[in-house]
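The values are calculated or read from the model by the stated rules, or taken from the named source; none is laboratory data. Please read all numbers here as calculations on a predicted model, not as lab measurements. Methodologically, a virtual Cβ is constructed for each residue, glycine included, from the backbone with ideal geometry; neighbour enumeration extends over all protein chains shown.
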Amino acid sequence: MTHEFPVTVYYEDTDMGGIVYHANYLRFIERARSAWVRELGVDQNAMRESGHVFVVVRIEADYKAPAKFDDQLTVLTEVESVAAVKLILNQRVMRGDQELFAAKVIIVGMDTNTERAAKLPAEVRALR
């Protein structure tokens, strides 16, 4: 299953050269992950209130080509693997058929009271 999330590049996303600032790709893929989790039926506010959150523990990122002001992009999110407490996602930022950015994102569930790993929500574990 591939989740698609549209992104429009605004002026505020770019640097002085009119190219998307490198850190903003992380914002784009974060928004896409939040939308994906919401569409799975996971309420992150309820999770947090119950003492559980998602924590990004590693991102491997490759910048392949620049995005520019007013580009229409799509963030593609795919599950690589799911375990009880760990989720690995592959995310790509596309402009049409051209891949601009690719990231492998490792996420764990965490209990905010103990600050230790905790099981991911059932909706996420079901993706195995």
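Worth a mention:
- Criterion: on the phi > 0 side of the Ramachandran plot, small (G, A, S), surrounded by fewer than 16 Cβ atoms within 10 Å (Cβ to Cβ) and free of Cβ contacts under 8 Å to residues at least 24 places away in the same chain - qualifying residue of G51, G41, G96: G96
Listed here are the residues, each with its yes/no results for (1) hydroxyl-bearing (S, T, Y); (2) at pLDDT below 95; (3) under 29 Å from R116 (Cα atoms); (4) within 13 Å of the chain's Cα centre (by Cα).
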| residue | (1), (2), (3), (4) |
| --- | --- |
| G17 | no, yes, no, no |
| Y21 | yes, no, no, no |
| L26 | no, no, yes, yes |
| I29 | no, no, yes, yes |
| P66 | no, no, no, no |
| L73 | no, no, no, no |
| L76 | no, no, no, yes |
| A83 | no, no, yes, no |
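- Residues of segment 101-120 that turn out to be in contact with a strand residue (DSSP E or B) (Cβ under 9 Å, 6 or more places away or on another chain), not in a strand (DSSP E or B) and not hydroxyl-bearing (S, T, Y), as a count: 2
- Check on Q98, polar (S, T, N, Q), out of contact with any strand residue (DSSP E or B) (no Cβ under 6 Å at 6 or more places or on another chain) and at pLDDT 95 or above: yes
- Residue identified as out of contact with any Pro (no Cβ under 8 Å at 6 or more places or on another chain), assigned to a helix (DSSP H, G or I), exposed (fewer than 14 other Cβ atoms within 10 Å of the Cβ) and of a type in the set (A, V, I, L, M, F, W, C) among A65, A84, A32, A46: A46
- Selection count, segment 89-123, where residues are farther than 18 Å from F5 by Cα, within 15 Å of the chain's Cα centre (by Cα) and of a type in the set (V, I, T): 3
- Counted residues, segment 68-81 - those being under 24 Å from G18 (Cβ atoms), part of a strand (DSSP E or B) and hydrophobic (A, V, I, L, M, F, W, C): 2
- The residues of segment 4-17 that are surrounded by fewer than 13 Cβ atoms within 10 Å (Cβ to Cβ) and either assigned to a loop (DSSP other than H, G, I, E, B) or small (G, A, S) (or both), listed by number, are Y10, D15, M16, G17.
- Annotation note: Cβ proximity below 7 Å between a residue of segment 1-29 that is touching a residue at least 12 places away in the same chain (Cβ under 8 Å) and a residue that is among the basic types (K, R) and assigned to a helix (DSSP H, G or I) (sequence gap 6+ or interchain) occurs for F5/R31.
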